[in-house]
Amino acid sequence: MTLHTVLLYGCAAAVVVPGTKIVQAGAGARRVNPAELLRILWRRPVPWVAAALVVVMAAMAVVQTAVPSAMDHLQREPGAPWWRALTALLVQTSGPLQLTFNLAAIVVIAPVAQRRFGPVWMPLIFLASGATAQAVSMAGWSPTGGGDSVALCGLLGALATAQLPRPAPL
């Protein structure tokens, strides 16, 4: 494991604790067990865009597990076409831990984000933050790889910003 990988997982860990609090607050939930939290998050009416996003990412998890070479055609890499900044969101190139963590995170974050921002803005925030981070990585920070954790962090950041207290009008 390289220092770069350790730093990436350290940053991910630093997001988990405050992210958990943001998701619980966004769901209107107090501290509850994971099964109860999922029931609250996916209550009716079901957030269908969030559900579709979860299905797409789960399907891509199956594809990349069954056909590992698919990652070579979707991940970001030096000199790759611009659209790889989007397709890199579909594959988790750091292995099973990243795949499992990001799938669990999207199951929890996406419904809260859709309920807060709506079925149009939630996927736009996901794509804009994810593609921007992938483009920055492609430009040199981490030229090869992929994953949707950057898009999930974008959703968490938007949720955190939406929960900030509003200043009183002057």
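Only the coordinates and a few stated rules stand behind these numbers; no lab work does. Please read all numbers here as calculations on a predicted model, not as lab measurements. Note that each Cβ is placed from the backbone with ideal geometry, even for glycine, and that neighbours are counted across all protein chains shown.
Build a GNM of the chain with springs between Cα atoms under 10 Å: which of Val120, Val23, Val63 gets the top mean-square fluctuation?
Among Val120, Val23, Val63, the largest GNM mean-square fluctuation belongs to Val120.
Please give the charge dipole size of the chain, origin at the Cα centre, charges +1 on K and R Cβ atoms and -1 on D and E Cβ atoms. Round to the nearest 20 debye.
740
Given the DSSP H assignment, sum -39500 (n - 2.57) over each helix run of at least 4 residues in the chain and divide by its residue total; what's the result at 222 nm in deg cm²/dmol, nearest 500?
So the calculated ellipticity at 222 nm is -22500 deg cm²/dmol.
7 Å from Cα along Cα→Cβ at both Val120 and Val6: what's the point-to-point distance in nm?
Between Val120 and Val6, the label points sit 4.7 nm apart.
Modelled label-to-label distance, Ala162 and Trp83, 7 Å Cα→beta-carbon offset: nm?
Between Ala162 and Trp83, the simple spin-label model gives 3.0 nm.
In whole angstrom, note down how far apart the Cα centers of the range 90-135 and the range 144-160 are.
For the range 90-135 versus the range 144-160, the Cα centre distance is 6 Å.
Can you tell me which of Ala14, Ala85, Ala61 moves the most in a GNM of the chain? Springs connect C-alpha atoms under 10 Å apart.
Ala14
On full extension of the chain, what length is gained from Leu103 through Trp48, given 0.36 nm per residue of separation minus the C-alpha to C-alpha distance?
Going from the current span to full extension adds 18.1 nm.
Work out, step by step, the length gained on full extension between Thr144 and Arg31: first 0.36 nm times the residue separation, then minus their alpha carbon distance; give nm to one decimal.
This chain segment gains 36.8 nm when fully extended.
Between (1) 15.5; (2) 13.1; (3) 11.7, which entry matches mean projected area of the Cα convex hull in nm² as derived from the coordinates of this structure?
After the calculation, the listed value that fits is (3).
Using a Förster radius of 22 Å, what is the FRET efficiency between Val62 and Leu127 based on their Cβ-Cβ separation? Nearest 0.05, please.
That gives a FRET efficiency of 0.55.
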